[in-house]
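What follows is one structure encoded as structure tokens, with my remarks underneath.
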Amino acid sequence: MSEHPLKLAIQSVLENSLDFPVNVTSIRALNGGSVNSTEVVESDQGTFFIKHNRASQHPNMFKLEQKGLELLSSAKALRVPKVHGVIEAEGQEILIMEMIDRGTPHYDFWPEFGAQLARLHKTEGASFGLDYDNYISSLPQSNNQSSTWASFFYEQRLAPMLKRAVDAGKADVELSNQLERLGSKLSEIFPVEKPSLLHGDLWGGNFISDLSGDAVIFDPAVYYGHREMDLSMTRLFGGFDPAFYHGYDEEWALESGWEERVAICNLYPLLVHVNLFSGSYIQSVRNVLNRF
């Protein structure tokens, strides 16, 4: 078997991160990953996880993901994988991370996970957005900052994502008119809260339990936003036990009526899916806009 072309570069990054010599013994491909290719790195200092893609296709994706993971880690609320570094070489961008093995959730995993997410959300930002743009899945995500949630949600989340769909012929202009009408009401719909640090893409595929049975979150699309966005995303595809929401509420109670706002919050991930996959997602968007 031929040696991995970037073995020495990966080894060097690990040595710089760990601050002692590392001998990489093998690199093998993993199945899965809709956006990036994934591999496992075996070495005399343990096992590591890498993701890679074409650097020209998604510029700086992994450098931005590293910043997001480090921001989440700094909140000291939930475990996230440690990033050892990013490589750009031979047209590839590679993210080198801690390998976290999947374990069995402990008996109070769900209420604890909910409480941990609430503690993450208690990390406040000065404004809605972020001081740099990033990605959600493979799509660029604009984070231009705003003093109000209503303006940020419409101008940086809903309107750009729908415009992308219209430009690609996946949505019609009438939807844009409906969305504009909804945008004018957002300040009346959402309760006023300070900007919370969000994971930004919290669905059932972006967390696991580790060998200790604790929650680990990854693949974020971080920004400071309304905390109901993360909670609503967990409801979009399911997979979160009711105890998760009880645990969250005990740590930091949600404002009344939040479940009625779930559909509005989920317009954003639905529009992301329209752009990524088309299919029935556009009808789901249409249904929400018709309701409101």
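The values are calculated or read from the model by the stated rules, or taken from the named source; none is laboratory data. Worth saying up front: this structure is predicted, and the values here are computed from it rather than measured. Here Cβ is always computed from backbone atoms with ideal geometry, including for glycine, and neighbour counts include all displayed protein chains.
Overview of values
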| quantity | calculated |
| --- | --- |
| Breaking point among (1) free of Cβ contacts under 8 Å to residues at least 12 places away in the same chain; (2) surrounded by 22 or more Cβ atoms within 10 Å (Cβ to Cβ), for SER184 | (2) |
| Residue list for the range 48-75, restricted to those being modelled with pLDDT under 95 and of a type in the set (Ser, Thr, Tyr) | SER56 |
| Yes/no for SER256 being assigned to a loop (DSSP other than H, G, I, E, B) and either over 21 Å from ALA165 (Cβ atoms) or in contact with a His (Cβ under 9 Å, 6 or more places away or on another chain) (or both) | yes |
| Contacts under 7 angstrom Cβ, first residue in the range 255-276 being in the same structural domain as GLY200 (by TED's automatic domain parsing) and free of Cβ contacts under 8 Å to residues at least 60 places away in the same chain, partner of a type in the set (Ser, Thr, Tyr) and surrounded by fewer than 22 Cβ atoms within 10 Å (Cβ to Cβ), 6 or more apart | LEU270/TYR281; LEU270/SER284; HIS273/TYR281 |
| First in the range 5-19 and free of Cβ contacts under 8 Å to residues at least 40 places away in the same chain, second anywhere and outside any helix (DSSP H, G or I), Cβ under 7 Å, 6 or more apart | LYS7/VAL24; LYS7/ILE27; GLN11/VAL22; GLN11/VAL24; GLU15/PRO21; GLU15/VAL22 |
| ALA118, sole failed condition from (1) modelled with pLDDT of 95 or more; (2) small (Gly, Ala, Ser); (3) surrounded by fewer than 18 Cβ atoms within 10 Å (Cβ to Cβ) | (3) |
| Flag if PHE207 is hydrophobic (A, V, I, L, M, F, W, C), buried (at least 17 other Cβ atoms within 10 Å of the Cβ) and more than 30 Å from HIS106 (Cβ to Cβ) | no |
| Matching residues in the range 171-213 - criterion: being of a type in the set (A, V, I, L, M, F, W, C) and either in contact with a Phe, Trp or Tyr (Cβ under 9 Å, 6 or more places away or on another chain) or under 16 Å from PHE240 (Cα atoms) (or both) | LEU179, LEU182, LEU186, ILE189, PHE190, VAL192, LEU197, LEU198, LEU202, TRP203, PHE207, ILE208 |
| Matching option when the condition is in contact with a Phe, Trp or Tyr (Cβ under 6 Å, 6 or more places away or on another chain), surrounded by 15 or more Cβ atoms within 10 Å (Cβ to Cβ) and assigned by TED's automatic domain parsing to the domain that holds LEU117, among ILE217, ILE136 | ILE217 |
| Lone qualifier among ASP201, ASP230, ASP249 - being at pLDDT 95 or above and within 17 Å of PHE109 (Cβ to Cβ) | ASP249 |
| Hits in the range 63-114 - residues which are among the basic types (Lys, Arg) and either in a loop (DSSP other than H, G, I, E, B) or surrounded by fewer than 14 Cβ atoms within 10 Å (Cβ to Cβ) (or both) | LYS76, LYS82, ARG102 |
| Residue within the range 98-115 that is without any contact (Cβ under 8 Å) to a residue 60 or more places away in the chain, closer than 30 Å to ALA55 by Cβ and in contact with a Lys or Arg (Cβ under 7 Å, 6 or more places away or on another chain) present | yes |
| The range 2-47, subset on the phi > 0 side of the Ramachandran plot and surrounded by fewer than 12 Cβ atoms within 10 Å (Cβ to Cβ), residue modelled with the highest pLDDT | ASP19 |
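Table: residues versus (1) within 15 Å of GLY114 (Cβ to Cβ); (2) in contact with an Asp or Glu (Cβ under 9 Å, 6 or more places away or on another chain).
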{"site": "TYR224", "(1), (2)": "no, yes"}
{"site": "ARG227", "(1), (2)": "yes, yes"}
{"site": "LEU236", "(1), (2)": "no, no"}
{"site": "ALA243", "(1), (2)": "yes, yes"}
{"site": "GLU251", "(1), (2)": "yes, no"}
{"site": "GLU255", "(1), (2)": "no, yes"}
{"site": "VAL262", "(1), (2)": "no, yes"}
{"site": "LEU270", "(1), (2)": "no, no"}
